[in-house]
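Notes to accompany the following structure.
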Amino acid sequence: MKFLQLFVSFCLLQCFSISLSAQAPGFAIAVDSAVAPPNQVVCVPLRSVGFTNVQSFQFSLQWDADILDFHHLENYQLPDWDETYFNDVDPNCLLAGWASITGLPVTKPDGTPLVDICFTTVAAPGSGSDIVLSNCFPPGSGGNEAFNSNNQNIWNPNLFVNGRIDIGPAPSSPTTNLTNARAAFQLQPNPSTSATTLMLNSPEAGNGIIRVTNLAGQLIWEQNIIYQSGQNQFLIPEGAFANAGLFLVMLKTEHGLSTRLLQKI
């Protein structure tokens, strides 16, 4: 695996020249969310947050192995990045790493898809699993970190955005009860240059709250809603966003809380 070779490269380039206590905040990963029926392969993108002049990084992800079974990776969007830079060390742990083979730093706009991680849904409708940042590295392999062209460790766990995959009803089961499921929704368009619409398909009527926060968790807009059984649409106005960037859109209903990452450009 190139992952272990990558860690050695990290040390040769960084470990003896950098004080890890002098962190320059700025880089993390945002994981998308999705809804899929049981026994289906579903993929979610990992997106860039603060990907400016990055030369190398490594991070690890975890999920509930009783809900999701890691399947594969696809759509690599960094130079020389492929499956050899990843290592699924446990049923619910994936190690990821990358380093610029030319030594030249790479910059990506916020929200750019970097790679898709794919799972098989192995549980029943109504269940779901968060995809979270972890520290499941083997002993001696370091931890979550990223280095820029100034030899600064710019990894900031506070910018990391959890993903989630919820398991919904199979297409042939239109009456499946989702009482214990989180509310599943989509945003259209996303990315957005102005307003965006929250699209909610609910098995029943109810009340909810839409909240928009920045990546620091600061609330910038919210609205109470009443939704009906079936398809619902709620406009999030352009004025909800002070400027361009990445935002978290959260929908809270009696079914639970679901979050999507929105890019405003």
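The values are calculated or read from the model by the stated rules, or taken from the named source; none is laboratory data. In this text the structure is predicted, and so the values were computed from the model without any measurement. Using ideal geometry, Cβ is built from the backbone for each residue, glycine included, and neighbour counts are taken over all protein chains shown.
If the condition is being touching a residue at least 24 places away in the same chain (Cβ under 8 Å) and outside any strand (DSSP E or B), then the stretch 227-265 contributes GLN228, SER229, PRO237, GLU238, ALA240, PHE241, GLU254, HIS255, ILE265. Take the residues of the stretch 49-71 that are assigned to a strand (DSSP E or B) and among the aliphatic types (A, V, I, L, M): which is modelled with the lowest pLDDT? Ranking the qualifying residues of the stretch 49-71, first place goes to VAL49.
Here GLY168 meets each of (1) in contact with a helix residue (DSSP H, G or I) (Cβ under 8 Å, 6 or more places away or on another chain); (2) buried (at least 21 other Cβ atoms within 10 Å of the Cβ) with one exception, condition (1). Residue count for the stretch 205-219 satisfying the condition of being assigned to a strand (DSSP E or B) and either surrounded by 13 or more Cβ atoms within 10 Å (Cβ to Cβ) or in contact (Cβ under 8 Å) with a residue 40 or more places away in the chain (or both): 9. Residues that are small (Gly, Ala, Ser) and at pLDDT 85 or above within the stretch 157-202 comprise GLY163, SER192, SER194, ALA195, listed in sequence order. Where strands (runs of 3 or more DSSP E) sit wholly within the stretch 84-174, those with at least 3 residues that are β-branched (Val, Ile, Thr) occupy 113-121.
Being assigned by TED's automatic domain parsing to the domain that holds THR102 and surrounded by fewer than 20 Cβ atoms within 10 Å (Cβ to Cβ) holds for only one residue in LEU78, LEU73, and it is LEU78.
Residues checked against (1) in contact with a strand residue (DSSP E or B) (Cβ under 7 Å, 6 or more places away or on another chain); (2) over 17 Å from PRO45 (Cα atoms); (3) not assigned by TED's automatic domain parsing to the domain that holds PRO203:
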{"position": "ILE101", "(1), (2), (3)": "no, yes, yes"}
{"position": "PRO105", "(1), (2), (3)": "yes, yes, yes"}
{"position": "LYS108", "(1), (2), (3)": "yes, no, yes"}
{"position": "PHE119", "(1), (2), (3)": "yes, no, yes"}
{"position": "VAL122", "(1), (2), (3)": "yes, yes, yes"}
{"position": "ASP130", "(1), (2), (3)": "yes, no, yes"}
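The residue list LEU104, LEU94 contains one member that is crowded, with 17+ Cβ neighbours inside 10 Å and either within 30 Å of LYS264 (Cβ to Cβ) or at pLDDT below 90 (or both), which is LEU94.
When you look at GLN223, is it surrounded by 13 or more Cβ atoms within 10 Å (Cβ to Cβ) and at pLDDT 90 or above, yes or no? Considered against the rule, which asks whether it is surrounded by 13 or more Cβ atoms within 10 Å (Cβ to Cβ) and at pLDDT 90 or above, GLN223 comes out as yes.
At pLDDT 90 or above and either in contact with a Gly (Cβ under 8 Å, 6 or more places away or on another chain) or within 30 Å of SER192 (Cα to Cα) (or both), is that true of PRO109? It is false that PRO109 is at pLDDT 90 or above and either in contact with a Gly (Cβ under 8 Å, 6 or more places away or on another chain) or within 30 Å of SER192 (Cα to Cα) (or both).
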